[in-house]
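Report on the structure given below.
The values are calculated or read from the model by the stated rules, or taken from the named source; none is laboratory data. All values reported here derive from a predicted model rather than from experimental measurement. So basically every Cβ, Gly included, is an ideal-geometry build from the backbone, and we count neighbours across all protein chains shown. With ligands, DNA and RNA removed, areas are computed over all heavy atoms of the protein, side chains included. Shrake-Rupley method; radii C 1.70, N 1.55, O 1.52, S 1.80 Å.
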Amino acid sequence: MSPRHPTEKEITMDEIDGAAFFGAVLRAVACTRNHNEDRAEYAAGVLAPAGRIREFETEVAGRPLTRSDAEQVLSWLDTILRTKRTPDEEREHHTSYIARVSGLSLVRADVAA
């Protein structure tokens with residue numbers, strides 16, 4: 001018998017509250033101060049990914065988010081927060097809040113235990 005590998009469906013995170021997840025992500029985008037005065041960087045690194053998050057929210061409506069879905073959205077959020085030059089601890093605060101309100105379990109390799 002060959003080793004069993006999880007399928008996309010098996011790693012679906014049914015326990016995630018998708019509405020709370022997207023609400024918290026979009027709140028972080030809207031409520032985080034911008035420290036970057038470069039308009040071109042802002043357009044490419046904030047406006048474009050924020051638009052992708054809103055479009056993606058519409059695309060996944062009605063189905064549970066997969067780990068891949070959540071990672072993609074959090075990657076766009078990270079791009080936005082880095083473009084806004086948000087301090088590390090504020091970025092971590094937003095990520096922790098999103099996990100707490102949506103039921104998402106985060107494992108971060110880049111954060112020391």
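Quick one: in the range 55-75, which of the residues that are within 8 Å of the chain's Cα centre (by Cα) and open to solvent by 40 Å² or more (accessible area, probe 1.4 Å) is nearest to HIS94 (Cα to Cα)?
Pass one, the range 55-75, residues within 8 Å of the chain's Cα centre (by Cα): 70-75.
Then drop every residue that is not open to solvent by 40 Å² or more (accessible area, probe 1.4 Å), which leaves 71-72, 75.
Working: GLU71: 14, GLN72: 16, SER75: 13 Å.
That would be SER75.
Residue under question is ARG4, and the condition is that it be closer than 17 Å to HIS94 by Cβ, of a type in the set (D, E, K, R) and either out of contact with any Gly (no Cβ under 7 Å at 6 or more places or on another chain) or modelled with pLDDT of 90 or more (or both); does it hold?
In short, no.
Considering only residues of the range 18-42 that are within 17 Å of ASP88 (Cα to Cα) and open to solvent by 30 Å² or more (accessible area, probe 1.4 Å), which is farthest from the chain's Cα centre (by Cα)?
Pass one, the range 18-42, residues within 17 Å of ASP88 (Cα to Cα): 25, 28-29, 31-36.
Next cut, open to solvent by 30 Å² or more (accessible area, probe 1.4 Å) only: 31, 33-35.
Working: CYS31: 15, ARG33: 17, ASN34: 18, HIS35: 20 Å.
That would be HIS35.
Search the range 73-93 for residues that are over 15 Å from PRO49 (Cα atoms) and pair each with any residue that is of a type in the set (Asp, Glu) and in a helix (DSSP H, G or I) when their beta-carbon atoms are under 8 Å apart and the residues are at least 6 apart or on different chains.
Listed by first residue and then by second, the contacts come to ARG91/ASP78.
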